[in-house]
Amino acid sequence: MIPSEKFDLVIRGGSVVLKDVVGVMDIGIKDGRIVEIGALGDVPDAIEFDATGLTVMAGMVDAHVHLNEPGLGDWEGFRTGTAALAAGGVTTYIDMPLNGLPPTVTVAALEQKLAAARSSSYVDFALWGGLVPGKLEHLAPLREAGVAGYKAFMSTAGGPGEDAFREVDDYTLLEGMKRIAAEGKVLALHAESEPIVSKLAEEMRVAGRVSAGDYTASRPIIAELEAVNRALFYAEQTGCALHFVHISSEAGVRAIESAKRRGLDVTLETCPHYLKLTDASLATKGAAAKCAPPLRSAEEQEKLWRAVTEGCVDMIASDHSPCPEEMKAGDDIFAAWGGIAGAQSSMELMIGEGHVKRGIPLTKLTRMLSLEPARRFGLSSRKGEIRIGADADLALLDLNAGYVLEREGLYHKHKHSPYIGETMHCAIQATISRGRVIYNRRTGIEGEPEGEWLRCK
């Protein structure tokens with residue numbers, strides 16, 4: 001018999017997804033960490049969570065989230081955004097350096113971001129720093145302060161106000177890569193060619209062409225490929241580690257895959273919206289489905305799924321980029337805010353669309369959702385995997401509980417999402433962060449925000 005004081009919580013009888021195998025087992029948790037995995041037998045007086053019939057996965061590590069504090073008033077904040085993440089099975093996120101004011105491109109701005117996040121985040125978090133023109137001297141201090149890496153835009157970032165985050169010019173990109181390589185960090189890139197997309201958008205608007213199809217046509221796959229290949233060339237010259245965010249095309253995946261074979265230190269993510277929605281969705285759902293790069297055709301989507309199935313995509317991230325609802329209104333699609341509110345739906349979409357519908361193994365999906373982002377960004381000592389010694393960060397899913405997402409079920413601040421009305425083919429039943437149940441499907445968010453900052457080395 002195991003002494004009851006050995007565990008604070010036992011997750012009993014779930015189908016547990018480990019790194020390389022899935023099996024029915026128990027998980028013993030003490031002081032927020034996983035201390036035993038297996039058949040634990042009788043544990044008198046221990047708190048138990050009956051996971052019989054449920055699938056137990058490592059909580060998602062979402063490496064691409066925009067929670068727009070400080071300084072943006074009615075935009076998404078940490079309390080509402082992280083409530084949505086928790087309801088979606090996310091137990092760790094990395095917040096992007098935009099669109100808060102000031103953007104996180106100096107240590108002083110980082111400290112303002114931390115002040116906003118520390119008392120309001122339901123789950124643990126790390127922070128990105130930013131690479132922008134005129135701030136190169138701040139890269140080293142940001143690394144010393146504990147950022148996970150740096151983010152840069154190769155096309156217009158689109159933030160509000162004169163002090164908002166700005167895209168890099170070629171000099172800043174090249175010199176920034178040299179310095180980031182010396183710091184031993186990763187540069188995350190939004191890869192679209194600004195000369196191509198800005199010129200095409202201008203031509204469309206001058207001609208009065210402001211429909212969904214016109215927006216999609218203004219940001220073609222070649223714009224993504226040009227930026228990807230330019231950044232890869234700079235990386236070859238500098239030795240900088242790269243991570244490409246929200247790659248939308250199989251061609252982009254293959255270009256990065258080729259660079260990996262040449263020995264470059266490079267990874268990529270795609271997002272659930274590219275795997276669930278198509279350009280036709282933008283036409284029917286409107287600006288709620290607007291993002292950059294844009295949604296692609298159904299044919300391109302199937303090619304991207306093929307790349308996912310083959311293991312050519314390193315990780316999945318939400319790119320949760322919400323805004324006040326009025327910024328999604330109007331007939332001019334170019335004028336609408338370009339960002340998808342998806343924090344709550346990423347894990348359900350990937351497990352539902354990927355495993356339930358397409359049969360992709362859960363071990364492969366947990367690598368993309370949790371293990372690889374934790375590894376890439378320096379969090380794997382505690383996060384990303386169900387193993388002894390790791391934080392007890394768990395998502396419990398019912399693979400037989402499909403449902404239709406409704407507006408009233410959203411936890412993020414502004415209740416728009418392109419996934420409203422879509423069928424989810426599984427459902428998060430509970431989310432556990434460091435051994436605490438923070439979300440239960442029956443009762444909602446539980447307790448107060450106790451998320452911790454993960455200071456990266």
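The values are calculated or read from the model by the stated rules, or taken from the named source; none is laboratory data. Everything numeric in this text was worked out from a predicted model, so none of it was measured. Here the Cβ positions follow ideal geometry from the backbone for every residue, glycine too, while neighbour counts run over all protein chains shown. Calculation scope for accessible area: heavy atoms of the full protein, side chains included, ligands and nucleic acids excluded. Shrake-Rupley method; radii C 1.70, N 1.55, O 1.52, S 1.80 Å.
Structure above, values below:
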| item | result |
| --- | --- |
| Which numbered condition R143 fails, given (1) in contact with an Asp or Glu (Cβ under 9 Å, 6 or more places away or on another chain); (2) under 27 Å from E326 (Cα atoms) | (2) |
| Condition broken by R367, with the remaining ones in (1) surrounded by fewer than 17 Cβ atoms within 10 Å (Cβ to Cβ); (2) part of a helix (DSSP H, G or I) satisfied | (1) |
| Candidate set from the range 88-110 (those that are of a type in the set (A, V, I, L, M) and free of Cβ contacts under 8 Å to residues at least 40 places away in the same chain); member that is farthest from M60 (Cα to Cα) | A108 |
| Helices (runs of 4 or more DSSP H) (entirely within the range 182-287) containing at least 3 residues that are hydrophobic (A, V, I, L, M, F, W, C) and crowded, with 20+ Cβ neighbours inside 10 Å | 221-238, 250-261 |
| Test: S417 is in contact (Cβ under 8 Å) with a residue 40 or more places away in the chain, of a type in the set (G, A, S), farther than 26 Å from S119 by Cα and out of contact with any Phe, Trp or Tyr (no Cβ under 7 Å at 6 or more places or on another chain) | yes |
| Test: residue in the range 380-390 that is under 28 Å from V245 (Cβ atoms), touching a residue at least 12 places away in the same chain (Cβ under 8 Å), open to solvent by less than 10 Å² (accessible area, probe 1.4 Å) and outside any loop (DSSP other than H, G, I, E, B) | no |
| Number of the condition not met by A292 [criteria: (1) open to solvent by 10 Å² or more (accessible area, probe 1.4 Å); (2) under 30 Å from D398 (Cα atoms); (3) touching a residue at least 24 places away in the same chain (Cβ under 8 Å); (4) hydrophobic (A, V, I, L, M, F, W, C)] | (2) |
| Qualifying positions in the range 391-423 - open to solvent by less than 10 Å² (accessible area, probe 1.4 Å), of a type in the set (A, V, I, L, M) and outside any loop (DSSP other than H, G, I, E, B) | L394, A395, L396, L397 |
| Number of the condition not met by G73 [criteria: (1) open to solvent by 20 Å² or more (accessible area, probe 1.4 Å); (2) part of a loop (DSSP other than H, G, I, E, B); (3) without any contact (Cβ under 8 Å) to a residue 40 or more places away in the chain; (4) under 21 Å from I388 (Cα atoms)] | (4) |
